[in-house]
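S.K.: Pasting a structure below so you can have a look.
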Amino acid sequence: MKILVCISNVPDTTTKIRLAEGNASIDTTGIQWVINPWDELSLTRALELRDDPASGVKTVTVAHVGPASSEPTIRKALAIGADDAIRVNAESPDAWYVATQLAEVLKKEQFDIIMCGIESSDYNGSVVGGMVAELAGIPSVSAVSSLSIEGGIPLITREIDGGKEILTVGAPLLAVVQKGIAKEPRIAAMRGIMMARTKPIKVYEPVPAEPLTEIVALEKPAPRSACKMVDASEPAKLIDLLRDEAKVI
Amino acid sequence: MSVLVYTENWDGKFKKLTFELISYAHALAGMMNTSVTALSIGKTDEEELKQLARYGAQKIISAENELLSSLDNQAYTGVIAGIAQSENAEVIILSNNNAGKALAPRLAVRLKAGVGPGVSRLPLNLSPFTVYRRAYSGNAFAHLVIRSDVKIITLAQNSFELTEVNATAAIERVNVAVDPSSVKTTVKEVKKQSGKVLLTDADIVVSGGRGMKSPDNWGPLTELAEALGGATACSRPVSDEGWRPHEEHTGQTGKIIAPNLYIAVGISGATQHLAGISASKYIVAINSDKDAPIFEAAQYGIVGDAMKILPQLVTAVREIKK
Ligand SMILES: Cc1cc2nc3c(=O)[nH]c(=O)nc-3n(C[C@H](O)[C@H](O)[C@H](O)COP(=O)(O)OP(=O)(O)OC[C@H]3O[C@@H](n4cnc5c(N)ncnc54)[C@H](O)[C@@H]3O)c2cc1C
Ligand SMILES: Nc1ncnc2c1ncn2[C@@H]1O[C@H](COP(=O)(O)O)[C@@H](O)[C@H]1O
C-alpha cells in the first residue's frame, strides 16, 4: 500500500498576525513557516503504519501545492521520514484551485490512502480534503481520529457529535484527520535531516483552474473590552456580574 | 431560486444549531428576495419537521432511504446535490460541524460552487457575494468573495441568534433512490456519550488547565459546570497527561467552540488555546498569576487560587439558581 499525505505550509502557530498594506493579506516578514499541525500528525500516523510490517504500507509520499520557497517545509517532512515528495509549482489562491492540482496528482500516481488535515491553521477551510476526494471520485471520511489497517482493510474511527463510530471503507480512500490520529508529532532526527537532502522532490507544473473564491479583505478581531477584575475575597460577585451585567447565566 | 439548508438530525431530533441555520437562511433569503427550503435526510417525524417552519423554512423536504441511516459522504452528497438542483438553490447552507465539513466540499465540486467555511455573519454584500469568516485560527477575519453561481456556506455554531417567525410550510416526503454499490462506508460500531451536556452543544463551558495541578482536583470544576448546566473542557496538556478525556481538549488542535460563557480555570491563555475559544461571547479567567495572557482575552477575571475560588463559585451559583 502507498499513502499520500497532503501538507500545507502555514505560519508558526505562535505568530502574531499583522496585516499587510491594503489589508487583503498578512505581513509575512519574520514569519516562520511550518507544516500545518494536522498534517504533521497525519504524517506521523502514516509513518507509524509504514514502520509496522503488518500494516502492508510500503511508502509514504507527501504532496504540497506551493512555490519553490516552500521547499524547506517539504524537506522537513522528508527529514521526519517521508520517502519522497511531490510539489505542484503554484501559489494556492483558493481551495478549489489547490484541490484541482492535488486531484491531478492522483491521476498521475496511484495511492491507496490519501490523508488531509481537518483544517489548515491559516485558511481554516476544512475544504481541500473533501474536494480532492470528490474530484478523484473516491470515498472520503472526515473527522478521522484513528486509522489502522487490519488484514489489508482500513479501519477508521470517526468522531460524531457526542460520540464516535468505528467504520471500514475500501481503499482507495481519503481520510480527513483530526485530533487523536497520532499522539505527538514525530520530530526529525539528525540522520533523517541528512537523508532528506538526497530524497527526491518531484515537481509538477499546475493545470489551469479558475479560483472560485477570493479573500478581498482581512480584519483583526475587535479588541475585547478591558478585563473587569473581581477580588478573590468575594468570588460570588463574579456570579452576580455574569447574571446581571453579561446576562449569560 | 432558493436558499437550501441541510438540516442534520440526531436520532430524529434537531438541535439548537439546526434552528440557527434556519434563522440565518431566513434572514439571507430576505436579503435575496427568495425563499428557504430545508432538507432533512433520514427518519424524522412530522412534529419535529414542523419546528423548522417556526424559524422560517417555507418548504421542508424529508428524504428517506434505509441506505442513508449513517453518514456516507458520497451518498449524502448525491442526495443534497439532487435536491439543490431541483430546488434551483443559489445558496446552500450547512453547519460548520463534523458532518457539514465533510459534505460541503464534496457538494462544492458536484455543483461547481465556491465554499465560504465557518461564516459568522450575514453576507457583507450580495454582489459580489461576500461572506465574513474566521481565518488565521481566530487571529483575523476574512471578507471572502464567492464568485461561482452557486454558493455554499457553512455557518459557525452559536454565531447567529434564533429568530422565530412561525412560517407555515408544506412537508414533502421523498423516497430517494440510492444505488447500494455507491455506499462505501460500513459503520461497525457506534459509541455514544450519554448523560453529559456535550461540549459542542453547550452554552456554558467550564474549562481547566495545568493550573488545576492534579486530576484529583476536578471535583469543584465539574460541580460548577453542573450547577451552571454547562459542559466541561480542558487545555491540551491536561488531556495529553490523561487527566481528562480527549473529547474535552479545546484549542487549535482540539475542539473549536463558541459558547456564550467560557470559564478558564488555571489556563495561561496560549495562542493555540485561544484559537479554540476566542469566539466565545464572554470569557472569564481564574488564574493565580495576574500577568497571565488569558486576562487579555477575558472580560471578567479573578486573580487567585482556583482551589479556593471554585467551591465558593459553586455555592454562589447554587444560591442564585434556588
Ligand atoms: C502546534 C501546537 C498546537 C497546540 N494546540 C493546543 C490546543 O489545541 N489547545 C491547548 O490548550 N494548547 C495547545 N497547545 C499548547 C499551548 O501552547 C500551551 O502549552 C497550553 O495551552 C498550556 O496549557 P495550560 O494553560 O493548561 O498550562 P500552563 O501554560 O502551564 O498554564 C497553567 C496556568 O495555571 C496557572 N495556575 C497555576 N496554579 C494555579 C492555581 N492554584 N490557581 C489558578 N491558576 C493557577 C498559572 O499561572 C498558569 O497561567 C499547542 C501547542 C502547539 C505547539
Ligand atoms: N497548498 C496545499 N498543498 C497541499 N495540501 C494542502 C494545501 N492546502 C491545504 N492542503 C490540505 O488540506 C487540508 C485542509 O486545508 P484547508 O481546506 O485549507 O483547511 C490541510 O490540512 C492539507 O492536508
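The values are calculated or read from the model by the stated rules, or taken from the named source; none is laboratory data. Everything quoted here is computed from the prediction, not taken from an experiment. All Cβ positions, glycine included, derive from the backbone under ideal geometry; neighbour counts span all protein chains shown.
S.K.: Which one of these is under 27 Å from residue B:140 (Cα atoms), crowded, with 17+ Cβ neighbours inside 10 Å and within 22 Å of the chain's Cα centre (by Cα): A:212, A:174?
M.R.: A:212
S.K.: Another question, then. With B:316, B:285 as the choices, which residue is assigned by TED's automatic domain parsing to the domain that holds residue B:213, surrounded by fewer than 22 Cβ atoms within 10 Å (Cβ to Cβ), among the aliphatic types (A, V, I, L, M) and at pLDDT 95 or above?
M.R.: B:316
S.K.: For segment B:179-266, which strands (runs of 3 or more DSSP E) that fit wholly inside it have 2 or more residues that are in contact with an Asp or Glu (Cβ under 8 Å, 6 or more places away or on another chain) and over 20 Å from residue A:165 (Cα atoms)?
M.R.: In segment B:179-266, the matching strands (runs of 3 or more DSSP E) lie at B:231-234.
S.K.: When you look at residue A:95, is it more than 15 Å from residue A:6 (Cβ to Cβ) and out of contact with any His (no Cβ under 9 Å at 6 or more places or on another chain), yes or no?
M.R.: No; evaluated as a whole, the condition is false for this residue.
S.K.: Give just the number: which of (1) touching a residue at least 40 places away in the same chain (Cβ under 8 Å); (2) part of a strand (DSSP E or B); (3) away from ligand 1 (no atom under 16 Å from the Cβ) does residue B:134 not satisfy?
M.R.: Of (1) touching a residue at least 40 places away in the same chain (Cβ under 8 Å); (2) part of a strand (DSSP E or B); (3) away from ligand 1 (no atom under 16 Å from the Cβ), only one is false for residue B:134: (3).
S.K.: Let me ask something else about it. Within segment B:94-115, can one find any residue that is of a type in the set (Gly, Ala, Ser), under 22 Å from residue A:121 (Cβ atoms), outside any helix (DSSP H, G or I) and not assigned by TED's automatic domain parsing to the domain that holds residue B:270?
M.R.: Checking segment B:94-115: at least one residue is of a type in the set (Gly, Ala, Ser), under 22 Å from residue A:121 (Cβ atoms), outside any helix (DSSP H, G or I) and not assigned by TED's automatic domain parsing to the domain that holds residue B:270.
For every residue, the table says whether it meets (1) away from ligand 2 (no atom under 12 Å from the Cβ); (2) in contact with a helix residue (DSSP H, G or I) (Cβ under 7 Å, 6 or more places away or on another chain).
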residue	(1), (2)
A:82	yes, yes
A:122	no, yes
A:127	no, yes
A:166	yes, no
A:175	no, no
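S.K.: Going by the structure shown, is residue A:118 within 16 Å of the chain's Cα centre (by Cα), within 14 Å of another protein chain (Cβ to nearest Cβ), surrounded by 21 or more Cβ atoms within 10 Å (Cβ to Cβ) and over 30 Å from residue A:16 (Cα atoms)?
M.R.: no
S.K.: On to the next question. Take the residues of segment B:264-280 that are near ligand 1 (Cβ under 6 Å from one of its atoms) and more than 22 Å from the chain's Cα centre (by Cα): which is nearest to the other protein chains (Cβ to nearest Cβ)?
M.R.: Only one residue tops the list, namely B:270.
S.K.: Next up: Which residue pairs have Cβ atoms under 7 Å apart, sit 6 or more places apart or on different chains, and have a first residue in segment A:6-24 that is within 10 Å of chain B (Cβ to nearest Cβ) and a second that is acidic (Asp, Glu) and within 14 Å of ligand 1 (Cβ to nearest atom)?
M.R.: Within 7 Å, the pairs are A:10/A:122; A:11/A:122.
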